[in-house]
Amino acid sequence: MKDESIVILLAEDDDGHAELIQRNLKRAGVANEIVRVCDGQEALDFMQQKGAYTDRAPQTPVLLLLDINMPKVDGIGVLQALKADPKSVKVPVIMLTTTDDPREVERCYQLGCNVYITKPVQYQEFVDALTRLGMFLEIIKFPANK
Amino acid sequence: MEPHSQEYSVASPLPSLRVSPERLAEILDIAEDAIITVTLSREIILFNRGATKIFGYTPAEVLGRTLEDLLPVAFRAAHPSQVDGFARGPDVSRVMGDRRVVFGRRKDGSEFPAEITISRLERGGETLLTAIVRDATARKQYEDAILRMNQELEERVKLRTAELADRNLQLAQKNEENEMFVYSVSHDLRSPLVNLEGFSDELRLGSRDLDKLLQDDQIPTEIRKKATELLQGSMVESIDFIRTAVSRLSRIIDALLRLSRSGRVVYRSQEVDVNAIVKRVVEALRATSSEKQAEVIVGALPPARGDATAVEQVFANLIGNALNYLDPARPGRVEVGCRQGCSGPDGEIELERNTYYVKDNGLGIPAAHQDKLFRALQRLHPEKAPGEGIGLAIVRRILERLGGKIWVESVAGQGTVFFFSLPIVSNDRPESSEEIPLPQRSS
(Lines give C-alpha, C1' and ligand atoms only; values in the text may rest on other atoms or scores of the structure.)
Protein backbone atom coordinates (compact mmCIF):
# COMPACT_ATOMS: atom_id res chain seq x y z
CA MET A 1 0.00 0.00 0.00
CA LYS A 2 0.87 3.62 -0.29
CA ASP A 3 3.68 4.52 2.03
CA GLU A 4 3.18 8.06 3.25
CA SER A 5 6.45 8.14 5.12
CA ILE A 6 8.23 8.41 1.79
CA VAL A 7 9.61 11.85 1.14
CA ILE A 8 9.46 13.06 -2.43
CA LEU A 9 12.50 15.14 -3.29
CA LEU A 10 11.67 17.39 -6.19
CA ALA A 11 14.77 18.82 -7.90
CA GLU A 12 13.51 21.42 -10.34
CA ASP A 13 14.96 24.83 -11.10
CA ASP A 14 11.86 26.25 -12.76
CA ASP A 15 9.50 27.61 -10.06
CA GLY A 16 6.50 27.29 -12.32
CA HIS A 17 7.21 23.67 -13.17
CA ALA A 18 7.81 22.89 -9.50
CA GLU A 19 4.51 24.46 -8.53
CA LEU A 20 2.60 22.65 -11.31
CA ILE A 21 4.15 19.34 -10.38
CA GLN A 22 3.26 19.75 -6.71
CA ARG A 23 -0.30 20.83 -7.43
CA ASN A 24 -0.90 17.96 -9.80
CA LEU A 25 0.66 15.39 -7.51
CA LYS A 26 -1.73 16.55 -4.78
CA ARG A 27 -4.64 16.36 -7.20
CA ALA A 28 -3.53 12.85 -8.13
CA GLY A 29 -3.87 11.91 -4.47
CA VAL A 30 -0.22 11.97 -3.46
CA ALA A 31 -0.14 13.16 0.16
CA ASN A 32 3.54 12.57 0.82
CA GLU A 33 5.83 15.31 2.01
CA ILE A 34 7.45 17.03 -0.97
CA VAL A 35 10.80 18.74 -0.48
CA ARG A 36 11.72 21.00 -3.32
CA VAL A 37 15.31 21.91 -4.20
CA CYS A 38 16.40 24.25 -7.00
CA ASP A 39 19.52 22.62 -8.37
CA GLY A 40 21.44 19.38 -8.56
CA GLN A 41 23.93 20.29 -5.86
CA GLU A 42 21.16 20.88 -3.37
CA ALA A 43 19.61 17.56 -4.36
CA LEU A 44 22.92 15.79 -3.66
CA ASP A 45 23.26 17.67 -0.35
CA PHE A 46 19.85 16.39 0.65
CA MET A 47 20.61 12.82 -0.35
CA GLN A 48 24.02 12.80 1.32
CA GLN A 49 22.93 14.83 4.38
CA LYS A 50 25.34 17.62 3.75
CA GLY A 51 25.12 21.42 3.76
CA ALA A 52 21.66 22.60 4.75
CA TYR A 53 20.51 19.00 5.18
CA THR A 54 23.12 17.77 7.65
CA ASP A 55 20.42 17.18 10.25
CA ARG A 56 17.97 15.35 8.02
CA ALA A 57 16.77 12.04 9.43
CA PRO A 58 18.89 9.56 7.45
CA GLN A 59 16.39 6.71 7.56
CA THR A 60 13.64 8.48 5.67
CA PRO A 61 13.00 6.72 2.36
CA VAL A 62 13.26 9.11 -0.55
CA LEU A 63 11.87 9.14 -4.04
CA LEU A 64 13.64 11.54 -6.36
CA LEU A 65 11.90 13.57 -9.04
CA LEU A 66 14.77 14.94 -11.06
CA ASP A 67 14.74 17.60 -13.75
CA ILE A 68 17.54 17.20 -16.30
CA ASN A 69 18.38 20.80 -17.09
CA MET A 70 19.46 22.42 -13.85
CA PRO A 71 22.23 24.80 -12.84
CA LYS A 72 25.39 23.68 -10.99
CA VAL A 73 24.93 19.90 -11.17
CA ASP A 74 22.41 18.80 -13.80
CA GLY A 75 20.01 15.90 -13.47
CA ILE A 76 22.35 13.50 -15.27
CA GLY A 77 25.15 14.45 -12.86
CA VAL A 78 22.90 13.81 -9.85
CA LEU A 79 21.78 10.47 -11.29
CA GLN A 80 25.40 9.41 -11.92
CA ALA A 81 26.48 10.42 -8.41
CA LEU A 82 23.60 8.54 -6.79
CA LYS A 83 24.12 5.38 -8.82
CA ALA A 84 27.86 5.43 -8.10
CA ASP A 85 27.28 5.39 -4.33
CA PRO A 86 26.24 2.03 -2.81
CA LYS A 87 24.22 3.89 -0.17
CA SER A 88 21.98 5.58 -2.71
CA VAL A 89 22.12 3.16 -5.63
CA LYS A 90 18.65 1.83 -4.90
CA VAL A 91 16.90 5.18 -4.48
CA PRO A 92 14.13 5.32 -7.06
CA VAL A 93 14.72 8.12 -9.54
CA ILE A 94 12.19 9.59 -11.92
CA MET A 95 13.60 11.90 -14.57
CA LEU A 96 11.54 14.87 -15.66
CA THR A 97 12.45 16.75 -18.74
CA THR A 98 11.18 18.74 -21.67
CA THR A 99 13.33 16.81 -24.11
CA ASP A 100 12.04 13.78 -25.94
CA ASP A 101 15.33 13.16 -27.69
CA PRO A 102 15.55 9.35 -27.77
CA ARG A 103 19.31 9.40 -27.14
CA GLU A 104 18.80 11.42 -23.97
CA VAL A 105 16.07 9.05 -22.78
CA GLU A 106 18.26 6.04 -23.54
CA ARG A 107 21.15 7.58 -21.64
CA CYS A 108 19.06 8.13 -18.52
CA TYR A 109 17.85 4.54 -18.53
CA GLN A 110 21.41 3.30 -19.01
CA LEU A 111 22.46 5.35 -16.01
CA GLY A 112 19.77 3.61 -13.99
CA CYS A 113 16.79 5.91 -13.75
CA ASN A 114 13.52 4.08 -13.03
CA VAL A 115 11.06 6.17 -14.98
CA TYR A 116 11.46 8.87 -17.55
CA ILE A 117 8.69 11.43 -17.89
CA THR A 118 8.63 13.98 -20.66
CA LYS A 119 7.08 17.24 -19.57
CA PRO A 120 4.78 17.50 -22.52
CA VAL A 121 3.75 20.79 -23.92
CA GLN A 122 0.28 19.29 -24.19
CA TYR A 123 -0.62 19.90 -20.63
CA GLN A 124 -3.18 17.16 -20.20
CA GLU A 125 -0.54 14.57 -21.05
CA PHE A 126 1.66 16.03 -18.37
CA VAL A 127 -1.15 15.81 -15.82
CA ASP A 128 -1.80 12.23 -16.91
CA ALA A 129 1.86 11.39 -16.50
CA LEU A 130 1.88 12.76 -12.97
CA THR A 131 -1.31 10.87 -12.17
CA ARG A 132 0.39 7.69 -13.32
CA LEU A 133 3.29 8.66 -11.11
CA GLY A 134 0.86 8.75 -8.16
CA MET A 135 -0.14 5.20 -9.01
CA PHE A 136 3.47 4.24 -9.45
CA LEU A 137 4.16 5.36 -5.87
CA GLU A 138 1.70 2.77 -4.64
CA ILE A 139 3.48 -0.14 -6.19
CA ILE A 140 7.11 0.89 -6.04
CA LYS A 141 9.40 -0.99 -3.66
CA PHE A 142 11.62 1.10 -1.46
CA PRO A 143 14.98 -0.06 -0.21
CA ALA A 144 14.70 -1.36 3.33
CA ASN A 145 17.16 1.04 4.87
CA LYS A 146 15.04 2.10 7.79
CA MET B 1 94.92 -5.88 -84.96
CA GLU B 2 93.32 -6.74 -88.21
CA PRO B 3 92.36 -3.62 -90.17
CA HIS B 4 88.67 -3.02 -90.21
CA SER B 5 87.32 -4.19 -93.33
CA GLN B 6 85.65 -3.05 -96.41
CA GLU B 7 82.38 -4.44 -95.36
CA TYR B 8 80.23 -4.21 -92.31
CA SER B 9 77.72 -6.86 -91.81
CA VAL B 10 74.88 -5.49 -89.78
CA ALA B 11 73.19 -7.89 -87.40
CA SER B 12 69.61 -7.60 -88.44
CA PRO B 13 66.66 -9.75 -89.30
CA LEU B 14 66.85 -8.11 -92.71
CA PRO B 15 69.10 -9.63 -95.37
CA SER B 16 72.73 -8.64 -94.93
CA LEU B 17 73.55 -5.17 -96.01
CA ARG B 18 76.64 -4.84 -98.12
CA VAL B 19 78.01 -1.43 -98.90
CA SER B 20 81.41 -0.06 -99.82
CA PRO B 21 83.46 1.65 -97.08
CA GLU B 22 83.19 5.02 -98.83
CA ARG B 23 79.48 4.72 -99.07
CA LEU B 24 79.32 3.66 -95.46
CA ALA B 25 81.44 6.62 -94.33
CA GLU B 26 79.07 8.95 -96.16
CA ILE B 27 76.08 7.38 -94.53
CA LEU B 28 77.72 7.52 -91.14
CA ASP B 29 78.71 11.14 -91.65
CA ILE B 30 75.28 12.44 -92.57
CA ALA B 31 73.81 10.94 -89.40
CA GLU B 32 73.00 13.51 -86.71
CA ASP B 33 73.65 10.93 -84.01
CA ALA B 34 77.07 10.02 -82.76
CA ILE B 35 78.10 6.62 -84.07
CA ILE B 36 81.03 5.13 -82.25
CA THR B 37 82.43 1.67 -82.81
CA VAL B 38 84.75 0.01 -80.31
CA THR B 39 86.51 -3.30 -80.00
CA LEU B 40 85.86 -5.68 -77.17
CA SER B 41 88.60 -3.90 -75.24
CA ARG B 42 86.58 -0.72 -75.76
CA GLU B 43 89.12 0.88 -78.07
CA ILE B 44 87.46 3.46 -80.30
CA ILE B 45 87.90 2.52 -83.95
CA LEU B 46 85.13 4.57 -85.53
CA PHE B 47 83.98 8.08 -84.64
CA ASN B 48 81.62 9.77 -87.11
CA ARG B 49 80.92 13.48 -87.71
CA GLY B 50 77.82 13.36 -85.48
CA ALA B 51 80.08 12.13 -82.68
CA THR B 52 82.42 15.06 -83.23
CA LYS B 53 79.45 17.44 -83.05
CA ILE B 54 78.16 15.94 -79.85
CA PHE B 55 81.40 15.20 -78.00
CA GLY B 56 83.64 17.95 -79.43
CA TYR B 57 86.50 15.57 -80.29
CA THR B 58 87.84 15.09 -83.82
CA PRO B 59 88.17 11.44 -84.82
CA ALA B 60 91.96 11.86 -84.68
CA GLU B 61 91.72 12.85 -81.00
CA VAL B 62 89.78 9.78 -79.90
CA LEU B 63 90.60 6.93 -82.25
CA GLY B 64 92.61 4.43 -80.26
CA ARG B 65 91.42 5.79 -76.87
CA THR B 66 88.95 3.87 -74.76
CA LEU B 67 85.24 4.48 -74.61
CA GLU B 68 85.46 5.49 -70.95
CA ASP B 69 87.04 8.80 -72.02
CA LEU B 70 83.58 9.77 -73.29
CA LEU B 71 81.91 9.09 -69.94
CA PRO B 72 81.61 11.24 -66.82
CA VAL B 73 84.34 10.32 -64.34
CA ALA B 74 81.85 8.83 -61.91
CA PHE B 75 80.70 6.19 -64.40
CA ARG B 76 84.08 5.14 -65.69
CA ALA B 77 85.12 2.53 -63.14
CA ALA B 78 82.06 0.35 -63.55
CA HIS B 79 81.90 0.66 -67.29
CA PRO B 80 84.30 -2.03 -68.56
CA SER B 81 82.48 -4.81 -66.76
CA GLN B 82 79.11 -3.49 -68.02
CA VAL B 83 80.43 -3.61 -71.58
CA ASP B 84 81.80 -7.12 -71.02
CA GLY B 85 78.42 -8.20 -69.68
CA PHE B 86 76.69 -6.97 -72.78
CA ALA B 87 79.31 -8.43 -75.13
CA ARG B 88 78.84 -11.86 -73.61
CA GLY B 89 75.11 -11.58 -73.11
CA PRO B 90 72.42 -12.89 -75.41
CA ASP B 91 71.21 -9.52 -76.67
CA VAL B 92 72.54 -8.09 -79.89
CA SER B 93 71.38 -4.61 -79.03
CA ARG B 94 70.27 -2.72 -76.01
CA VAL B 95 68.91 0.72 -75.30
CA MET B 96 70.76 2.29 -72.43
CA GLY B 97 69.11 4.55 -69.97
CA ASP B 98 65.60 3.23 -70.36
CA ARG B 99 65.60 2.75 -66.62
CA ARG B 100 67.79 5.64 -65.58
CA VAL B 101 69.29 8.68 -67.23
CA VAL B 102 72.77 8.05 -68.66
CA PHE B 103 75.30 10.75 -69.34
CA GLY B 104 78.06 11.52 -71.80
CA ARG B 105 81.08 13.77 -71.25
CA ARG B 106 82.20 16.31 -73.83
CA LYS B 107 85.77 17.27 -74.62
CA ASP B 108 85.34 20.46 -72.57
CA GLY B 109 84.38 18.33 -69.53
CA SER B 110 80.69 19.23 -69.60
CA GLU B 111 78.23 16.43 -69.20
CA PHE B 112 74.93 15.86 -70.99
CA PRO B 113 72.03 13.43 -70.69
CA ALA B 114 72.25 10.90 -73.50
CA GLU B 115 70.18 8.28 -75.22
CA ILE B 116 72.45 5.40 -76.14
CA THR B 117 71.76 2.32 -78.19
CA ILE B 118 74.48 -0.27 -78.21
CA SER B 119 74.71 -3.10 -80.74
CA ARG B 120 76.99 -6.06 -81.12
CA LEU B 121 78.36 -6.89 -84.48
CA GLU B 122 80.13 -10.16 -85.18
CA ARG B 123 82.60 -10.10 -87.96
CA GLY B 124 84.70 -13.13 -88.71
CA GLY B 125 85.06 -14.20 -85.08
CA GLU B 126 85.73 -10.64 -83.94
CA THR B 127 83.18 -8.77 -81.87
CA LEU B 128 82.65 -5.10 -82.48
CA LEU B 129 80.36 -2.90 -80.45
CA THR B 130 78.67 0.15 -81.90
CA ALA B 131 77.06 2.80 -79.78
CA ILE B 132 74.65 5.27 -81.25
CA VAL B 133 74.53 8.31 -78.99
CA ARG B 134 72.01 11.13 -79.07
CA ASP B 135 72.22 14.29 -77.00
CA ALA B 136 69.04 14.14 -74.94
CA THR B 137 69.43 17.54 -73.31
CA ALA B 138 66.55 19.10 -75.23
CA ARG B 139 64.32 16.07 -74.81
CA LYS B 140 65.23 15.89 -71.15
CA GLN B 141 64.38 19.55 -70.70
CA TYR B 142 61.12 19.03 -72.52
CA GLU B 143 60.26 16.02 -70.40
CA ASP B 144 61.21 17.87 -67.24
CA ALA B 145 58.96 20.75 -68.28
CA ILE B 146 56.06 18.36 -68.88
CA LEU B 147 56.74 16.66 -65.58
CA ARG B 148 56.83 20.02 -63.83
CA MET B 149 53.60 21.11 -65.51
CA ASN B 150 51.95 17.86 -64.53
CA GLN B 151 53.07 18.28 -60.97
CA GLU B 152 51.84 21.86 -60.90
CA LEU B 153 48.54 20.76 -62.36
CA GLU B 154 48.23 18.01 -59.79
CA GLU B 155 49.06 20.49 -57.05
CA ARG B 156 46.39 22.84 -58.31
CA VAL B 157 43.82 20.07 -58.54
CA LYS B 158 44.73 18.95 -55.03
CA LEU B 159 44.48 22.50 -53.75
CA ARG B 160 41.15 23.07 -55.46
CA THR B 161 39.79 19.74 -54.20
CA ALA B 162 40.89 20.62 -50.69
CA GLU B 163 39.23 24.02 -51.03
CA LEU B 164 36.01 22.42 -52.17
CA ALA B 165 36.13 19.85 -49.38
CA ASP B 166 36.74 22.68 -46.96
CA ARG B 167 33.81 24.66 -48.35
CA ASN B 168 31.59 21.58 -48.12
CA LEU B 169 32.67 21.04 -44.55
CA GLN B 170 31.98 24.67 -43.72
CA LEU B 171 28.54 24.45 -45.32
CA ALA B 172 27.80 21.21 -43.51
CA GLN B 173 28.93 22.78 -40.25
CA LYS B 174 26.85 25.86 -40.94
CA ASN B 175 23.86 23.65 -41.61
CA GLU B 176 24.56 21.68 -38.47
CA GLU B 177 24.90 24.89 -36.48
CA ASN B 178 21.58 26.13 -37.81
CA GLU B 179 19.94 22.85 -36.97
CA MET B 180 21.45 22.80 -33.50
CA PHE B 181 20.34 26.41 -33.05
CA VAL B 182 16.78 25.64 -34.11
CA TYR B 183 16.85 22.59 -31.88
CA SER B 184 18.11 24.32 -28.76
CA VAL B 185 15.93 27.39 -29.22
CA SER B 186 12.82 25.28 -29.78
CA HIS B 187 13.83 23.18 -26.86
CA ASP B 188 14.39 26.13 -24.55
CA LEU B 189 11.03 27.56 -25.62
CA ARG B 190 9.32 24.40 -24.46
CA SER B 191 10.18 25.01 -20.84
CA PRO B 192 8.27 28.32 -20.47
CA LEU B 193 5.50 26.82 -22.59
CA VAL B 194 4.96 24.14 -19.98
CA ASN B 195 4.29 26.99 -17.54
CA LEU B 196 2.01 28.85 -19.92
CA GLU B 197 0.00 25.75 -20.63
CA GLY B 198 0.01 24.59 -17.04
CA PHE B 199 -1.01 27.82 -15.42
CA SER B 200 -3.61 28.71 -18.02
CA ASP B 201 -5.12 25.35 -17.24
CA GLU B 202 -4.90 26.14 -13.54
CA LEU B 203 -6.77 29.38 -14.29
CA ARG B 204 -9.39 27.42 -16.21
CA LEU B 205 -9.84 25.03 -13.30
CA GLY B 206 -9.96 27.97 -10.89
CA SER B 207 -12.65 29.73 -12.93
CA ARG B 208 -14.69 26.54 -12.98
CA ASP B 209 -14.45 26.24 -9.18
CA LEU B 210 -15.27 29.91 -8.81
CA ASP B 211 -18.29 29.46 -11.03
CA LYS B 212 -19.50 26.65 -8.78
CA LEU B 213 -19.00 28.80 -5.69
CA LEU B 214 -21.07 31.56 -7.25
CA GLN B 215 -24.03 29.22 -7.44
CA ASP B 216 -24.19 29.33 -3.62
CA ASP B 217 -27.56 30.65 -2.47
CA GLN B 218 -25.96 32.79 0.20
CA ILE B 219 -24.44 35.09 -2.42
CA PRO B 220 -26.64 38.07 -3.18
CA THR B 221 -28.14 37.81 -6.66
CA GLU B 222 -26.74 41.19 -7.69
CA ILE B 223 -23.20 40.21 -6.83
CA ARG B 224 -23.57 36.77 -8.37
CA LYS B 225 -24.76 38.36 -11.62
CA LYS B 226 -21.90 40.83 -11.80
CA ALA B 227 -19.33 38.23 -10.79
CA THR B 228 -20.62 35.70 -13.35
CA GLU B 229 -20.40 38.34 -16.06
CA LEU B 230 -16.87 39.14 -15.06
CA LEU B 231 -15.92 35.50 -14.88
CA GLN B 232 -17.49 34.33 -18.13
CA GLY B 233 -17.11 37.48 -20.20
CA SER B 234 -13.67 38.61 -19.26
CA MET B 235 -11.70 35.91 -17.52
CA VAL B 236 -12.84 32.72 -19.22
CA GLU B 237 -12.70 34.33 -22.63
CA SER B 238 -9.19 35.68 -21.98
CA ILE B 239 -8.06 32.31 -20.75
CA ASP B 240 -9.41 30.69 -23.91
CA PHE B 241 -7.48 33.13 -26.06
CA ILE B 242 -4.32 32.43 -24.11
CA ARG B 243 -4.84 28.69 -24.36
CA THR B 244 -5.44 28.84 -28.12
CA ALA B 245 -2.31 30.91 -28.62
CA VAL B 246 -0.24 28.66 -26.40
CA SER B 247 -1.26 25.50 -28.19
CA ARG B 248 -0.51 27.13 -31.54
CA LEU B 249 2.90 28.14 -30.24
CA SER B 250 3.56 24.65 -28.99
CA ARG B 251 2.64 23.15 -32.34
CA ILE B 252 5.04 25.51 -34.09
CA ILE B 253 7.82 24.61 -31.69
CA ASP B 254 7.15 20.92 -32.16
CA ALA B 255 7.21 21.44 -35.92
CA LEU B 256 10.58 23.19 -35.69
CA LEU B 257 11.90 20.36 -33.56
CA ARG B 258 10.73 17.88 -36.20
CA LEU B 259 12.47 19.90 -38.89
CA SER B 260 15.75 20.06 -36.99
CA ARG B 261 15.47 16.35 -36.27
CA SER B 262 15.14 15.56 -40.00
CA GLY B 263 18.66 16.95 -40.35
CA ARG B 264 20.00 15.08 -37.35
CA VAL B 265 18.59 11.57 -37.43
CA VAL B 266 20.70 8.78 -38.88
CA TYR B 267 19.53 7.58 -42.29
CA ARG B 268 20.36 4.22 -43.82
CA SER B 269 21.42 3.75 -47.40
CA GLN B 270 19.60 0.66 -48.59
CA GLU B 271 17.56 -0.56 -51.49
CA VAL B 272 14.08 0.77 -50.89
CA ASP B 273 11.00 -0.89 -52.38
CA VAL B 274 9.19 2.26 -53.47
CA ASN B 275 6.14 0.36 -54.78
CA ALA B 276 5.52 -1.18 -51.36
CA ILE B 277 6.05 2.12 -49.59
CA VAL B 278 3.63 4.04 -51.78
CA LYS B 279 1.07 1.27 -51.46
CA ARG B 280 1.31 1.60 -47.69
CA VAL B 281 1.06 5.39 -47.82
CA VAL B 282 -1.98 5.31 -50.09
CA GLU B 283 -3.61 2.75 -47.80
CA ALA B 284 -2.98 4.95 -44.76
CA LEU B 285 -4.54 7.92 -46.56
CA ARG B 286 -7.56 5.89 -47.68
CA ALA B 287 -9.89 7.70 -45.27
CA THR B 288 -8.86 11.11 -46.58
CA SER B 289 -9.06 10.13 -50.23
CA SER B 290 -12.52 8.57 -49.91
CA GLU B 291 -13.78 11.52 -47.87
CA LYS B 292 -12.57 13.80 -50.68
CA GLN B 293 -13.86 11.31 -53.27
CA ALA B 294 -10.46 11.48 -54.89
CA GLU B 295 -8.86 8.93 -57.14
CA VAL B 296 -5.24 7.96 -56.43
CA ILE B 297 -3.44 6.34 -59.37
CA VAL B 298 -0.06 4.73 -58.77
CA GLY B 299 2.23 3.79 -61.66
CA ALA B 300 5.27 1.49 -61.62
CA LEU B 301 7.89 2.82 -59.24
CA PRO B 302 11.47 1.55 -59.49
CA PRO B 303 13.39 0.91 -56.27
CA ALA B 304 15.58 3.68 -54.90
CA ARG B 305 18.65 3.81 -52.73
CA GLY B 306 17.95 5.50 -49.41
CA ASP B 307 16.26 5.19 -46.05
CA ALA B 308 12.86 3.48 -46.17
CA THR B 309 11.34 5.51 -43.32
CA ALA B 310 12.51 8.78 -44.79
CA VAL B 311 11.29 7.88 -48.29
CA GLU B 312 7.91 6.94 -46.82
CA GLN B 313 7.79 10.30 -45.04
CA VAL B 314 8.40 12.07 -48.37
CA PHE B 315 5.63 10.21 -50.20
CA ALA B 316 3.22 10.52 -47.26
CA ASN B 317 3.74 14.25 -47.13
CA LEU B 318 3.40 14.87 -50.87
CA ILE B 319 0.40 12.57 -51.40
CA GLY B 320 -1.21 13.94 -48.23
CA ASN B 321 -0.70 17.50 -49.50
CA ALA B 322 -2.12 16.57 -52.90
CA LEU B 323 -5.28 15.23 -51.23
CA ASN B 324 -5.60 18.14 -48.80
CA TYR B 325 -5.36 20.84 -51.44
CA LEU B 326 -7.69 19.41 -54.10
CA ASP B 327 -10.13 21.75 -55.78
CA PRO B 328 -13.69 20.93 -54.65
CA ALA B 329 -14.90 22.24 -58.02
CA ARG B 330 -13.76 19.08 -59.84
CA PRO B 331 -13.28 15.38 -59.07
CA GLY B 332 -9.90 14.98 -57.43
CA ARG B 333 -7.19 12.99 -59.12
CA VAL B 334 -3.74 12.26 -57.71
CA GLU B 335 -1.15 10.46 -59.76
CA VAL B 336 2.09 8.94 -58.46
CA GLY B 337 4.71 7.85 -60.94
CA CYS B 338 8.32 7.81 -62.02
CA ARG B 339 10.24 9.06 -64.99
CA GLN B 340 13.36 6.98 -65.24
CA GLY B 341 16.61 8.58 -66.30
CA CYS B 342 14.82 11.80 -67.02
CA SER B 343 16.07 15.33 -66.70
CA GLY B 344 16.39 17.23 -63.45
CA PRO B 345 14.88 20.60 -62.58
CA ASP B 346 17.20 22.52 -64.89
CA GLY B 347 16.91 20.08 -67.78
CA GLU B 348 20.17 18.30 -66.98
CA ILE B 349 20.31 14.59 -67.76
CA GLU B 350 20.16 12.39 -64.70
CA LEU B 351 21.72 8.96 -64.92
CA GLU B 352 22.34 8.30 -61.26
CA ARG B 353 18.86 9.29 -60.07
CA ASN B 354 15.27 8.53 -60.94
CA THR B 355 12.65 11.23 -60.87
CA TYR B 356 9.43 10.37 -59.06
CA TYR B 357 6.44 12.64 -59.15
CA VAL B 358 3.16 13.29 -57.34
CA LYS B 359 0.72 15.06 -59.61
CA ASP B 360 -2.68 16.49 -58.68
CA ASN B 361 -5.45 18.49 -60.33
CA GLY B 362 -5.94 20.57 -57.19
CA LEU B 363 -5.82 24.23 -56.30
CA GLY B 364 -2.34 24.82 -57.69
CA ILE B 365 0.30 27.19 -56.41
CA PRO B 366 0.54 30.73 -57.77
CA ALA B 367 3.97 31.48 -59.27
CA ALA B 368 4.59 34.15 -56.63
CA HIS B 369 4.34 31.60 -53.85
CA GLN B 370 6.40 28.86 -55.44
CA ASP B 371 9.79 30.01 -54.19
CA LYS B 372 8.54 30.13 -50.60
CA LEU B 373 7.13 26.64 -50.86
CA PHE B 374 9.99 24.75 -49.26
CA ARG B 375 10.64 27.25 -46.47
CA ALA B 376 9.58 26.46 -42.93
CA LEU B 377 6.36 27.90 -41.50
CA GLN B 378 4.97 29.00 -44.88
CA ARG B 379 1.34 28.13 -45.58
CA LEU B 380 -0.64 28.98 -48.68
CA HIS B 381 -4.07 27.57 -47.77
CA PRO B 382 -4.13 27.44 -43.95
CA GLU B 383 -7.93 27.09 -44.04
CA LYS B 384 -7.76 23.83 -46.02
CA ALA B 385 -5.91 21.64 -43.58
CA PRO B 386 -4.28 21.88 -40.16
CA GLY B 387 -0.53 22.16 -40.00
CA GLU B 388 2.35 24.47 -39.31
CA GLY B 389 3.83 24.70 -42.80
CA ILE B 390 6.75 22.46 -41.97
CA GLY B 391 6.08 19.41 -44.16
CA LEU B 392 7.74 20.51 -47.39
CA ALA B 393 10.70 21.97 -45.52
CA ILE B 394 11.24 18.57 -43.91
CA VAL B 395 10.74 16.81 -47.26
CA ARG B 396 13.37 18.98 -48.89
CA ARG B 397 15.80 18.40 -46.01
CA ILE B 398 15.27 14.64 -46.19
CA LEU B 399 15.84 14.57 -49.95
CA GLU B 400 19.00 16.65 -49.61
CA ARG B 401 20.31 14.19 -47.06
CA LEU B 402 19.43 11.23 -49.31
CA GLY B 403 21.22 12.81 -52.27
CA GLY B 404 18.11 13.86 -54.16
CA LYS B 405 16.33 17.06 -55.11
CA ILE B 406 12.79 18.36 -55.15
CA TRP B 407 11.15 20.87 -57.45
CA VAL B 408 7.66 21.89 -58.44
CA GLU B 409 5.64 22.73 -61.51
CA SER B 410 2.27 24.25 -60.83
CA VAL B 411 -0.44 26.37 -62.39
CA ALA B 412 -2.87 28.07 -60.02
CA GLY B 413 -6.35 26.71 -60.61
CA GLN B 414 -5.13 23.67 -62.56
CA GLY B 415 -2.91 21.58 -60.38
CA THR B 416 0.57 20.83 -59.16
CA VAL B 417 3.33 18.34 -59.91
CA PHE B 418 5.98 17.76 -57.30
CA PHE B 419 9.06 16.11 -58.81
CA PHE B 420 11.79 14.65 -56.71
CA SER B 421 14.82 12.57 -57.46
CA LEU B 422 16.32 9.71 -55.49
CA PRO B 423 19.53 7.78 -56.20
CA ILE B 424 19.04 4.66 -58.30
CA VAL B 425 20.00 1.23 -57.05
CA SER B 426 23.15 0.50 -59.00
CA ASN B 427 24.63 -2.96 -59.35
CA ASP B 428 28.20 -1.91 -58.74
CA ARG B 429 27.36 -0.83 -55.22
CA PRO B 430 26.72 -3.95 -53.20
CA GLU B 431 23.70 -4.06 -50.97
CA SER B 432 24.65 -2.83 -47.54
CA SER B 433 23.15 -1.15 -44.57
CA GLU B 434 25.70 1.62 -44.57
CA GLU B 435 24.60 4.84 -42.99
CA ILE B 436 24.32 8.18 -44.68
CA PRO B 437 26.75 10.34 -42.72
CA LEU B 438 25.33 12.97 -40.47
CA PRO B 439 26.40 16.51 -41.14
CA GLN B 440 29.81 17.09 -39.55
CA ARG B 441 29.39 17.50 -35.86
CA SER B 442 31.77 19.63 -33.86
CA SER B 443 31.22 17.89 -30.54
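The values are calculated or read from the model by the stated rules, or taken from the named source; none is laboratory data. Computed from a predicted model, the values in this text were never measured in an experiment. With ideal geometry, Cβ positions are generated from the backbone for all residues, glycine too; neighbour counts draw on all protein chains shown.
Points to keep in mind about this one:
- Enumeration of residues in region B:243-280 that are more than 12 Å from chain A (Cβ to nearest Cβ), surrounded by 15 or more Cβ atoms within 10 Å (Cβ to Cβ), under 30 Å from B:D188 (Cβ atoms) and modelled with pLDDT of 85 or more: B:Y267
- Within region A:57-78, the residues that satisfy the criterion of being out of contact with any Gly (no Cβ under 7 Å at 6 or more places or on another chain), over 23 Å from B:M180 (Cβ atoms) and among the hydrophobic types (A, V, I, L, M, F, W, C) are A:A57, A:V62, A:L63, A:L64, A:L65.
- Filtered residues of region B:154-210 (kept if under 22 Å from B:R375 (Cβ atoms), within 12 Å of chain A (Cβ to nearest Cβ) and without any contact (Cβ under 8 Å) to a residue 60 or more places away in the chain): B:S184
- Test: residue in region B:369-381 that is free of Cβ contacts under 8 Å to residues at least 60 places away in the same chain, of a type in the set (A, V, I, L, M, F, W, C) and under 21 Å from B:N175 (Cα atoms): yes
- Residues that are closer than 14 Å to B:Y357 by Cβ and either surrounded by fewer than 19 Cβ atoms within 10 Å (Cβ to Cβ) or outside the structural domain of B:S290 (by TED's automatic domain parsing) (or both), drawn from region B:309-332: none
- Selected residue (criterion: farthest from the other protein chains (Cβ to nearest Cβ)) from residues of region A:1-33 that are assigned to a loop (DSSP other than H, G, I, E, B) and of a type in the set (G, A, S): A:S5
- Pairs meeting the criteria (first residue in region B:25-52 and among the charged types (D, E, K, R), second residue in a strand (DSSP E or B), beta carbons under 8 Å, at least 6 apart or on different chains) are B:E32/B:R134; B:D33/B:I132; B:D33/B:V133; B:D33/B:R134; B:R42/B:T66; B:R42/B:L129; B:E43/B:T66.
- So B:L153, is it within 30 Å of B:K53 (Cα to Cα) and in the same structural domain as B:I252 (by TED's automatic domain parsing): no
- Screening region B:17-33 for residues that are modelled with pLDDT of 80 or more and in a loop (DSSP other than H, G, I, E, B) and picking the one that is farthest from B:E122 (Cα to Cα) gives B:E32.
- Annotation: of all residues in region B:265-285 being assigned to a loop (DSSP other than H, G, I, E, B) and in contact with a strand residue (DSSP E or B) (Cβ under 7 Å, 6 or more places away or on another chain), the one that is farthest from B:Y357 (Cα to Cα) is B:V266.
- Some residue of region B:166-183 being surrounded by fewer than 17 Cβ atoms within 10 Å (Cβ to Cβ), of a type outside the set (A, V, I, L, M), touching a helix residue (DSSP H, G or I) at 6+ places or on another chain (Cβ under 9 Å) and under 30 Å from B:T37 (Cα atoms): no
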